[in-house]
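Have a look at the structure below, then the notes.
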Amino acid sequence: MGFLEFIFGAKKRQVEEYVSNGAVILDVRTQREWDNGHIENSVHIPLNELNNRVAEVKALNKPVIACCESGVRSAKAAKFLKLNNINAINGGGWVSVKNKL
């Protein structure tokens with residue numbers, strides 16, 4: 001097993017574990033990005049709205065897998081959610097997350 005396979009395999013296992021525990025996919029991309037494609041049944045809250053809508057995420061009462069286009073915004077979202085006592089991970093890019101489901 002190579003280093004990259006080890007790293008990306010760990011991410012896949014983490015996403016699979018969260019999904020098996022009933023996690024919600026939280027897409028933090030813009031509305032335009034969302035409209036161009038998204039994961040079915042995912043929740044859409046753009047990153048710039050997350051601060052004002054964190055109560056909506058808490059109300060889901062489920063672990064969260066944050067995703068965006070490349071993983072940068074979802075990393076920020078996951079960090080913010082954790083600071084607000086929400087069990088969250090950065091899933092990375094939404095297409096990558098979709099392929100792990």
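The values are calculated or read from the model by the stated rules, or taken from the named source; none is laboratory data. Owing to the predicted nature of the structure, the values given are computational and were not obtained by experimental measurement. Using ideal geometry, Cβ is built from the backbone for each residue, glycine included, and neighbour counts are taken over all protein chains shown. Note: accessible area is taken over every heavy atom of the protein model, side chains too, but ligands, DNA and RNA are not part of it. Shrake-Rupley method; radii C 1.70, N 1.55, O 1.52, S 1.80 Å.
Give me the percent of the accessible area of the chain that comes from carbon and sulfur atoms, probe 1.4 Å, all protein chains in place.
Accessible surface attributable to carbon and sulfur in the chain totals 52 percent.
So what is the accessible area of the chain per residue, in Å², with the probe set to 1.4 Å?
With the other protein chains kept in place, the chain gives 61 Å² per residue.
Between segment 68-101 and segment 17-52, how far is it from one alpha carbon centroid to the other, in angstrom?
Segment 68-101 and segment 17-52 have Cα centres spaced 9 Å from each other.
Can you pull the Rg over Rh of the chain, Cα-only, Kirkwood?
That ratio is 0.96, to two decimals.
GluC sites (Glu not before Pro), restricted to segment 29-101: which are DSSP loop and have at most 13 other Cβ atoms within 10 Å?
Glu40
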